[in-house]
1. For the chain, what value does the Rg/Rh ratio take when both radii are computed over Cα atoms and Rh is the Kirkwood radius, given to two decimals?
2. Quick one: divide the alpha-carbon radius of gyration of the stretch 51-124 by 2.2 N^0.38 Å and tell me what you get.
3. Starting from the coordinates of the alpha-carbon atoms of the stretch 13-81, obtain the Kirkwood hydrodynamic radius over all distinct pairs and give the value in Å to one decimal.
4. On average, how much accessible surface per residue is there in the chain, in Å², for a 1.4 Å probe, leaving out ligands, DNA and RNA?
5. Per residue, how big is the convex hull around the C-alpha atoms of the stretch 84-124? Give it to me in cubic angstrom, could you?
Amino acid sequence: QVRLVESGGGSAQYGGSLELSCAASGFASVFIFSIYDVAWYRQAPGKQRQLVAELTSGSRTNFADSVKGRFTISRDNAKTTVYLQMNSLKPEDTAVYYCNAVLRSERGIEFDYWGQGTQVTVSS
């Protein structure tokens, strides 16, 4: 019922910046990012998928040690789009980045949605 679409990927130079966006569509999508926990993951070739940044519905954030101080995750005021601002990019940031939205309850995960991914390439 819900689809997530990432955009904003591309190429950047060492030390450059990119902003990724994740927009939700489908039934009741207007409510998705207001009540869901959202996160950005990335996966480089031959490596495991890693959590990059997460933002809970309560506005708590968590970042991977490798991106702390460089990346920022946020939601727009309407809670329809999630952003990942990436600054001071390094070649190690090269990966496919995925948007994730999860509805959690006391019973566990109720819904779990993923985007199709967007490629980020950083040259040295």
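1. My calculation of the ratio gives 0.97.
2. Details: Rg = 13.6 Å, N = 74, 2.2 N^0.38 = 11.3 Å.
Ratio of Rg to 2.2 N^0.38 Å for the stretch 51-124: 1.20.
3. When all Cα pairs of the stretch 13-81 are included, the Kirkwood radius is 13.4 Å.
4. Here the per-residue accessible area is 56 Å².
5. Cα-based convex hull of the stretch 84-124, divided per residue, equals 85 Å³.
The values are calculated or read from the model by the stated rules, or taken from the named source; none is laboratory data. Keep in mind that this is a model prediction, so the values were computed, not measured. Note: accessible area is taken over every heavy atom of the protein model, side chains too, but ligands, DNA and RNA are not part of it. Shrake-Rupley method; radii C 1.70, N 1.55, O 1.52, S 1.80 Å.
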